[in-house]
1. So what J values fall out for the stretch 69-77 if you push phi through Karplus, 6.51 cos²θ - 1.76 cosθ + 1.60 with θ = phi - 60°, rounded to Hz, Gly and Pro as x?
2. Work out from phi, with θ = phi - 60° and the Karplus expression 6.51 cos²θ - 1.76 cosθ + 1.60, the ³J(HN,Hα) of each residue of the stretch 204-212, listed in order in whole Hz, and give x for Gly and Pro.
3. Could you calculate the contour length gain from Ala230 to Leu216, that is, 0.36 nm times the residue separation minus the distance between their Cα atoms, to one decimal place in nm?
4. R0 = 22 Å: FRET efficiency of Ala201 with Thr265, Cβ-based, nearest 0.05?
5. Taking 0.36 nm per residue of sequence separation and subtracting the Cα-Cα distance, how much length would be gained by fully extending the chain between Arg75 and Phe35, in nm to one decimal?
6. Taking amide H positions as placed in the peptide plane 1.01 Å from N, state which residues far from Ile229 in sequence (5 or more) or on other chains have amide H under 5 Å from it.
7. Kindly write out, for the stretch 263-276 in residue order, the coupling ³J(HN,Hα) from the Karplus curve 6.51 cos²θ - 1.76 cosθ + 1.60 (θ = phi - 60°), rounded to whole Hz, with x marking Gly and Pro.
8. What FRET efficiency comes out for the pair Arg257/Thr169, r = Cβ-Cβ distance, R0 = 22 Å, nearest 0.05?
Amino acid sequence: MKTVIYLDILLLVNFLIGYFLLRAAGLLTGAVPHFGRALLGAGAAALASLALLMPPQPAAVQLLYQLMSALVVVRCTFFWQGWRGFARRTLWYALLNMLLAGAVSLGIFRYGLTGVHTNNMAVYVNLSPLALLLCVLCVYLAVRLVSLLFGAPQPAEGWQLELDIGGRTLRLEALCDTGFFLRDPLSGGQTVLLSYPAVKARLPKALSGYLKAWFLGESVLLAQPPPGIALRPVLCRTAAGEELLPGIGSVLLRLTRPGCPVKSTRVTVAFCRRGFEEGGFDALFGGELAAGLG
């Protein structure tokens, strides 16, 4: 018995399914997509469903196709905020798709539904569009319920900071990360971490050259720090290992965000050799520092 697949229904249903699942993935990662981007991603998801109509492919090709289509769909939907955020949203989108497939499969086995057609890791169920949409709506509502009970992930908390270094004032966008615990080895206070590539052009020339030499490992130049700037090594431990970062103590910091007054204190500033992937921030500091300024 042949299964008749209507192309317009296939595209429309998968468009709506993709829209709801992408919105749900956004809720779970604290980055709900804009309406226009969600429509674009849903369109990409609908086109990806055309794999059902392609000739059967080897298992490796099918898996690669599904992976690439998920990456394209998520990239179309969400603004770029670094590889980590991209991977997190792709993973949630894939998991929600599997959850939906499980919900539909449960209905098939429990109620003995017929008219199931599979090809290239795509599944077509001979259900009414309304029944299938109710399934995806249930998945979306389940995500909303979890979000209401436990709280939705919060987007990155952006701050504006000013630092006086070597007679210059640096104005930067900063990220408050509650999991950031880098501390000054002498005072024990929290340290503000700056991306050297993002700020090098705004630093005094002597300091910028010294930091460049540090990260290149030029020990001869490291013996002559810039005059008037007390540099110190700051030990940074991460999952990738340990690294000594160049730091400056007792730097005047002014910290603010919209709707909040300016807060001032003196901190240690350390520099890292790379930029930050998340959100385009140039500086990073811990939640304890923000709370201590409250």
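What follows draws every value from the coordinates through simple rules; no lab data is involved. Predicted model only: the values in this text are computed from it and were never measured. Methodologically, a virtual Cβ is constructed for each residue, glycine included, from the backbone with ideal geometry; neighbour enumeration extends over all protein chains shown.
1. For the stretch 69-77, the Karplus curve yields 5, 5, 4, 5, 4, 5, 5, 5, 8 Hz.
2. Values per residue, Gly and Pro as x: x, 4, 5, 5, 4, x, 4, 5, 4 Hz.
3. 3.0 nm
4. It comes to 0.25.
5. 13.0 nm
6. So Ile229 has HN proximity to no qualifying residue.
7. Rounded to whole hertz, the list is 10, 10, 6, 10, 9, 9, 10, 10, 10, 10, 7, 10, x, 8.
8. 0.75
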